[in-house]
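Written out below as structure tokens is the structure these notes cover.
The values are calculated or read from the model by the stated rules, or taken from the named source; none is laboratory data. Owing to the predicted nature of the structure, the values given are computational and were not obtained by experimental measurement. Because the Cβ atoms are built from the backbone with ideal geometry, glycine has one as well, and the counts that use them run over all protein chains shown. With ligands, DNA and RNA removed, areas are computed over all heavy atoms of the protein, side chains included. Shrake-Rupley method; radii C 1.70, N 1.55, O 1.52, S 1.80 Å.
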Amino acid sequence: MNQLSDRINKLATSATLAMAAKARELRAEGKDIIGLSLGEPDFNTPDFIKEAAIEAINQNYNSYTPVDGYVELKEAIIKKFKRDNNLSYTLPQIVVSTGAKQALANIAAVMLNPGDEVILPCPYWVSYSDIVQLSDGVPVEVQTSIDNDFKMTAEQLEAAITPKTKMIWYSSPCNPSGSVYSKAELRALADVLQKHPNIYVVSDEIYEHINFKGGHFSMAEFDDMYDRTITVNGVSKAFAMTGWRIGYIGGPDWIARACNKMQGQITSGANCIAQRATITALEADPSSIKYMVDEFKERRQLILNLLSDIEGFKTNEPEGAFYVFPNISYYFGKTIKGKTINNASDFSLFLLEEALVATVTGEAFGNKDCIRISYAASQDDIKEAIKRIKTALS
Ligand SMILES: Cc1ncc(COP(=O)(O)O)c(C=O)c1O
């Protein structure tokens, strides 16, 4: 008999991690799988950051840290927000967490009461919906169009708001679409929110530096949104530090205090060595990671060119992050190699089994017609993967 709580029973397994596990299984059977499913840079953490961590170990940083992070780290975060985003925060407005994922889980736990609605423009990052539901919130999906670069318009936002709407969560650059909201697009959304002063915004900016056109804008930069925006960021993506598990928020101090209280009962704060290394990462000039961004940009062009050569793939042009999110609904209802493809999950599974390429179904991101392909892989792997996909589909 299932003795587990309703809470865990209703939680979905992360689709990206599930796909990675399936790919690992097939690899263990000897199959040569190319993994384009994970949201993880394929670079090593830069040496100057590794050295800072080694030094922290040698300097005996081994005790519990303040729950909300070392003061020196919070100061580095404040400087980073000022330098990169023109945002002014003070120490009580910053909380360091075990990855941006925990920062988001804290926010859900401290902001949502049962039945509170959270608007999620689709496609959204795979965990938003489940993190919201874990805190008894209700995700409200807003479908966007590939022709509008998968961005939510002011009209769509207005139509989704109900008396129960508590928050809006989005990422820009977006995982999985790579879309970047411009200042004007964010202003249009903020104008709608002026009529609804009780709605809060989570602006997830973890891909901020992986932006190919430049011009990153934060919702909190608008004076009238500053007091109700929580800016989420972290070092996983830009600094190739996924395993170090450091994320952080800047936001209203009453929300930061609540997040601090929350993680004080759950983790006692993030890992001390990773926090020391993050000080060095954030203090470095962003040009120190440009080589990774340049490489992602080249790969984006490569994969877009290769995909444009395959029948039935419709893509937008991602402006950031390291994913493409093609619409592949052209294949729905078709039978290839004896396998009938009825939806994006079937298509993604078909690619895994017949092309030996791991991708993720768009259904995990709230979109039924697309799949996510990560190009955090070498150019050779990308070329080989797309060749295999083309062959399997022809
Ligand atoms: C949009 C978005 N937000 C947050 C996260 C979580 O990042 P972290 O590794 O800091 O927990 C990810 C990771 O995939 C992400 O894509």
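Summary table
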read-out: Low-density loop positions, trypsin sites (Lys or Arg not before Pro), region 202-253 - DSSP coil, at most 13 other Cβ in 10 Å; value: Lys213
read-out: Fully extended contour minus Cα-Cα distance, from Ser394 to Ile266, at 0.36 nm per residue; value: 40.9 nm
read-out: Contour excess over end-to-end distance, with Cα ends at Glu311 and Lys334 and 0.36 nm allotted per residue; value: 7.0 nm
read-out: Using alpha-carbon coordinates, inclination of helix 183-194 to the longest axis of the chain, degrees; value: 60
read-out: Accessible surface, per residue, of region 329-394 when the full set of protein chains is kept, probe 1.4 Å, Å²; value: 39
read-out: Cut-off 11 Å between beta-carbons: net charge of the residues surrounding Phe296, Lys and Arg +1, Asp and Glu -1; value: +1
read-out: Rough spin-label spacing in nm, given labels placed 7 Å along Cα→Cβ, for Lys383 and Asp227; value: 5.7
read-out: Over the chain, relative contact order from alpha-carbon pairs under 8 Å, at least 6 apart, %; value: 23
read-out: Most to least accessible of Trp169, Trp125 (protein chains only, probe 1.4 Å); value: Trp125, Trp169
read-out: Cβ charges +1 (Lys, Arg) and -1 (Asp, Glu), total dipole of region 47-285, debye; value: 380
read-out: Given charges at Cβ of Lys, Arg, Asp, Glu: the chain dipole, positive-most of Gln143, Ile199, Leu38; value: Leu38
read-out: List Asp381, Asp32, ordered by accessible area with a 1.4 Å probe, largest first; value: Asp32, Asp381
read-out: For region 1-108, convex hull volume per residue from C-alpha positions, Å³; value: 227
read-out: Euclidean distance of C-alpha centroids, region 343-371 and region 181-247, integer Å; value: 28
read-out: Accessible surface, 1.4 Å probe, highest first, among residues Arg388, Arg27, Arg300; value: Arg27, Arg388, Arg300
read-out: Length gained when the stretch Leu17-Ile57 is fully extended (0.36 nm per residue, less Cα-Cα span); value: 11.3 nm
read-out: Fraction of accessible area attributable to carbon and sulfur, the chain (%, probe 1.4 Å); value: 50
read-out: 222 nm mean residue ellipticity, helices alone, for the chain (DSSP H n ≥ 4; -39,500 (n - 2.57); rounded to 500); value: -11500 deg cm²/dmol
read-out: Cα principal axis extents for the chain, largest first, Å; value: 59, 53, 53
read-out: Two-site FRET efficiency, Gln194 against Glu29, from Cβ-Cβ distance with R₀ of 56 Å, rounded to 0.05; value: 0.50
read-out: Residue-normalised accessible area of region 133-287, given per residue in Å² at a 1.4 Å probe; value: 36
